[in-house]
Each structure stands twice: as C-alpha cells, then as structure tokens.
1. Of the residues Pro89, Pro141, Pro60, which is in contact (Cβ under 8 Å) with a residue 12 or more places away in the chain, within 15 Å of Gly22 (Cα to Cα) and either touching a strand residue (DSSP E or B) at 6+ places or on another chain (Cβ under 8 Å) or not hydroxyl-bearing (Ser, Thr, Tyr) (or both)?
2. So which residues in the range 34-58 are open to solvent by 30 Å² or more (accessible area, probe 1.4 Å) and touching a Pro at 6+ places or on another chain (Cβ under 8 Å), if there are any at all?
3. Answer with yes or no whether Pro15 is surrounded by fewer than 21 Cβ atoms within 10 Å (Cβ to Cβ) and either within 24 Å of Ser156 (Cβ to Cβ) or in contact with a Ser or Thr (Cβ under 9 Å, 6 or more places away or on another chain) (or both).
4. Quick test for you: out of Val160, Val96, pick the one residue that is touching a helix residue (DSSP H, G or I) at 6+ places or on another chain (Cβ under 9 Å), among the β-branched types (Val, Ile, Thr) and assigned to a loop (DSSP other than H, G, I, E, B).
5. Which residue pairs have Cβ atoms under 8 Å apart, sit 6 or more places apart or on different chains, and have a first residue in the range 103-120 that is at pLDDT below 95 and a second that is hydrophobic (A, V, I, L, M, F, W, C) and surrounded by fewer than 14 Cβ atoms within 10 Å (Cβ to Cβ)?
6. Could you please find all residues in the range 23-38 being out of contact with any Leu (no Cβ under 7 Å at 6 or more places or on another chain) and either modelled with pLDDT of 90 or more or part of a strand (DSSP E or B) (or both)?
7. Working only within the range 42-88, note down all residues that are among the hydrophobic types (A, V, I, L, M, F, W, C), modelled with pLDDT under 95 and part of a loop (DSSP other than H, G, I, E, B).
8. Could you check how many residues of the range 1-12 are in a helix (DSSP H, G or I) and open to solvent by less than 50 Å² (accessible area, probe 1.4 Å)?
Amino acid sequence: MRWMRAAADATGIVPERIVAGGGCAGAHVAAATALSDGVAEAGEDTSVSCRPKALVLFNPVFDNGPDGYGYERVKDYWEAFSPLHNIGPHAPPTLVMLGTEDNLIPVKTAETYMQRMQDAGIRCDLKLHEGQGHGFFNRDPSFTKTLREAEQFLASLGYVEANETDTTTD
C-alpha cells in the first residue's frame, strides 16, 4: 500500500482512490492494513500512509480476539491487528459481503463490526447472502452479484461509474 501511494505519480495511481479488498484471510489483511497502527516491516517509510480510502471485503476475518478466528496462533499480539478491535475515526468506508451459512465467520461478528463502524461515524454496508457458505463469491451467480455490489458501492463513493444493467440473481 505504501509503495502504491509513493509511486502514484509514476504509475498513474490516484492516491485518494486506493481501495483494498479480498476474501477471507485476504480481507483480513486489507482490513488490518486500513485499521491497525504500528504494523510495518522493518525499514518501511511509515511517513507514507498504508491506509486505503475504502474497503471491499468478502467473508472477512474480523475478529482475532479470544473468541475469534485464529486466536491461538496470534494470542501474543492479536490486539495490534484484529480489525474488530482497531476500529476508529481513521476507518475507511467499507462494504462487507458474507454468506449467512459461513462456517468460519459468524453473521453476528459482521453485525458487530458494522455497528462499531457506525458508532465511529463510518459507513459500513453489510450485504448478507442468504444460505451461502464460506467462499460463495467465487462461484456464479454469486460471483457476478458480489462484483455488482462492489461496483455499486464504489460508484456511490464516486470511484467508478456503475453499469446500470443488473443481470444478476442469487
């Protein structure tokens, strides 16, 4: 993220429109990059922001705390990067897409995340996909539908123009 922002002039990247996203662990990395302070590689130029301006998260791992995912592996340092525990006024607008039958990420966790974002005055759109499990977004028709939802979210931020033709079903 820092490299993209630092290389913006040379690459044509618009720093005010850098969006991070991903699915499952990738969504966790995107959210942690946006929300966590003090997580940097040795020698990184921390004067350049690593925070994206928006997040698009599919089945995100939000909670690394004692009741969350992977806690036993990160119990000595989870507080530094658990997205659910690092929400603050610096959080970017976020779109979360989650299947209601996800066996790894409870709907309640996503609802708690959304509420904490809203309590911080930050936009957080939660799209629950009924009857869908973990990784549902990798298969059509959900693949097309979630991409459309991401496009609509980014269009609402003024980052892209939305295609007005909606051919998706779920």
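The values are calculated or read from the model by the stated rules, or taken from the named source; none is laboratory data. All of these numbers come straight from a predicted model, not from anything done at the bench. All Cβ positions, glycine included, derive from the backbone under ideal geometry; neighbour counts span all protein chains shown. When the accessible area is computed, the model is the full protein with side chains, heavy atoms only, and any ligands, DNA or RNA have been set aside. Shrake-Rupley method; radii C 1.70, N 1.55, O 1.52, S 1.80 Å.
1. Values: Pro89 fails: within 15 Å of Gly22 (Cα to Cα); Pro141 fails: within 15 Å of Gly22 (Cα to Cα).
Only one candidate passes the filter, namely Pro60.
2. Passing the criteria: Arg51, Lys53.
3. Answer is yes for this residue.
4. The conditions single out Val160.
5. Final answer for the pair search is none.
6. Hits for the range 23-38 are Gly23, Cys24, Ala25, Gly26, His28, Val29, Ala32, Thr33, Leu35, Ser36.
7. Result: Ala42, Val48, Cys50, Val61, Phe62, Phe81.
8. Qualifying residue count, the range 1-12: 3.
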